[in-house]
């Protein structure tokens, strides 16, 4: 069977090289002995083996996987498929924790993977009296449970910082997740009441002392232009008061942590656009301006998990275009494709050579051995056509894979992107399989 990680697309008839491959792949995904939990556990084992002694970020986020395009093929009673965000389309949700080494901000693996689906006919929030439900019965509990799983998977780290967006701003998470080896870094969603002040959180932090003014480059999109933003930095230790409607009532009256505000100065905001404004809560200690700036920067690295979702869906693997009409198999496919997407992201991030991590973080020892063979064929006689990177580093592997994907290796060329890396991996694994067969025949 052609492994999905050896042909970077999540559509079976495209990544399979023959009809027999397609049949074998379908059998693998439908095989009841191949459990989703086993695939996830293998992911945890790989991550655990590569984080010992590191301070890592564990960045969590949620993405909707929509299969409305094959809704007619899916069984109405499929227990692994349900309504997604609009409560009409069919699919499920993916909530990973992407682990990043804070020394070089390089992604290592996953410390939690939650795939779940809602059920057709489920009562809405008002019908369920959502506000009075215990947090464990709410869908948002995934932010806490994924952090709990991550703490176990990452127990060999020197420290873990759990990073979440505004949806993870829950009092219960502020109470239950942090410990001596685990910190929180989350974007604030709620203008919370404070324990020792009549002012609320947002007014308190906005009215605190200005600590620094700094500049950042803002990348444009359909709603904004490229610009250099001038940012004001403030931070203050605060005591967040327990919400009145929190269930259960046994939680502490307040939680003490640091609040950071990074707000764009009005002068750098183009007419008609909104200013950049981040309010961040963290249990990490802030002793200096440099500490606060570092934590804002750490939060900004959520772009890596957002990029991973784009690779998984529209910008690479087209996971939502799969024609497999079985929810359980689709979830298995998603986990495998997610790892393939991470491999492409890791290689693309390594193309400059700044990362010195060993290639065996991504490839097996046997695959690294074959990379040496491929490298000799790709390198030319001049220095310009030789890899400038340390052999057996990820940067070295990235150079080889990019060359296989069609990149010529010249400095004058644009650096290789995700599609080049994806194509290069396709070629590499096809050649690797051929080489392994040749070795077997010789023996």
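Could you list 390, 324 so that the one with the fewest beta carbons within 10 Å of its beta carbon is first and the one with the most is last?
Working: 390 13, 324 21.
So the ranking, lowest neighbour count to highest, is 390, 324.
If packing is taken as the mean number of other Cβ atoms within 10 Å per residue, what is the order of 95-104, 361-370, highest first?
Taking the mean over residues of other Cβ atoms within 10 Å, the ranking is 95-104, 361-370.
At a Förster distance of 25 Å, what's the computed FRET efficiency of residue 190 paired with residue 103, Cβ-Cβ distance as r, to 0.05?
With R0 = 25 Å, the Cβ-Cβ based efficiency is 0.15.
Using a Gaussian network model on the chain with a 10 Å cutoff between Cα atoms, which of 210, 184, 284 fluctuates the most?
Among 210, 184, 284, the largest mean-square fluctuation in the Gaussian network model of the chain belongs to 210.
Within region 205-238, name every residue whose backbone N is under 15 Å away from a label modeled 7 Å from Cα of residue 274 along the Cβ vector.
Answer for region 205-238: 221-225.
When a footprinting reagent is the concern and you count Cβ atoms within 10 Å, what order do 231, 105 take, fewest first?
Neighbour counts put them in this order, fewest first: 105, 231.
Once the Cα atoms of region 249-295 are picked out, what are the Rg and Dmax in Å?
15.3, 49
Rounded to the nearest 500, what is the chain's calculated 222 nm mean residue ellipticity when only DSSP H runs of at least 4 contribute -39500 (n - 2.57) each, over all residues?
Result for the chain, helices only: -10500 deg cm²/dmol.
Just need the relative contact order of region 109-244 here, percent rounded to a whole number, with Cα pairs under 8 Å and 6+ apart.
Relative contact order for region 109-244 comes out at 17 percent.
Once all Cα-Cα distances of region 251-347 are split into 5 Å bins that start at 0, what whole-number percent is in each one?
Using 5 Å bins, I get a P(r) of 2, 10, 14, 12, 11, 11, 13, 12, 9, 4, 1 for region 251-347.
Using the beta-carbon distance between residue 122 and residue 237 and R0 = 60 Å, what value does 1/(1 + (r/R0)^6) give for FRET efficiency, to the nearest 0.05? All intermediate terms of the calculation are to be shown ahead of the outcome.
Numbers: r = 41 Å, r/R0 = 0.68.
Efficiency, rounded to the nearest 0.05: 0.90.
How high is the FRET efficiency between residue 213 and residue 303 when r is their beta carbon distance and R₀ equals 25 Å, given to the nearest 0.05? Intermediate results must be reported in sequence, preceding the final value.
Working: r = 23 Å, r/R0 = 0.93.
Between residue 213 and residue 303 the formula returns 0.60.
Provide 330, 54 in ascending order of the number of other Cβ atoms located within 10 Å of each residue's Cβ, fewest first.
54, 330
Restricting attention to the alpha-carbon atoms of region 386-443, what are Rg (one decimal) and Dmax (integer), both in Å?
Looking at region 386-443, its Cα Rg and Dmax stand at 13.3, 44 Å.
Find how much the distance from residue 325 to residue 291 grows on full extension, using 0.36 nm per residue of separation minus their present alpha carbon separation; answer in nm with one decimal.
Difference between extended and current length: 7.3 nm.
So what is the relative contact order for region 350-442, in percent, with contacts set as C-alpha pairs under 8 Å and at least six apart?
Values: 89 pairs, mean separation 27.2, N = 93.
Contact order relative to length: 29 percent.
Given 25 °C and 0.890 mPa s, compute D for region 341-443 with the Stokes-Einstein relation, Rh being the Kirkwood radius over Cα pairs; round to the nearest whole µm²/s.
Roughly 179 µm²/s, to the nearest whole number.
For the chain, what does the equivalent ellipsoid look like in terms of its semi-axes, each the square root of 5 times an eigenvalue of the Cα gyration tensor, given largest first in whole Å? Don't skip to the end; give the middle numbers.
Numbers: eigenvalues 315, 172, 80 Å².
Semi-axis lengths for the chain are 40, 29, 20 Å.
Distance in nm between label sites at residue 245 and residue 37, each 7 Å beyond Cα in the beta-carbon direction?
About 3.5 nm separates the two model spin labels.
Each reported figure results from applying straightforward, stated rules to the coordinates on display, with no laboratory input. In this text, all values refer to a predicted model and were calculated from it rather than measured experimentally. Here the Cβ is made from the backbone with ideal geometry for all residues, glycine too, and neighbour counts use every protein chain on show.
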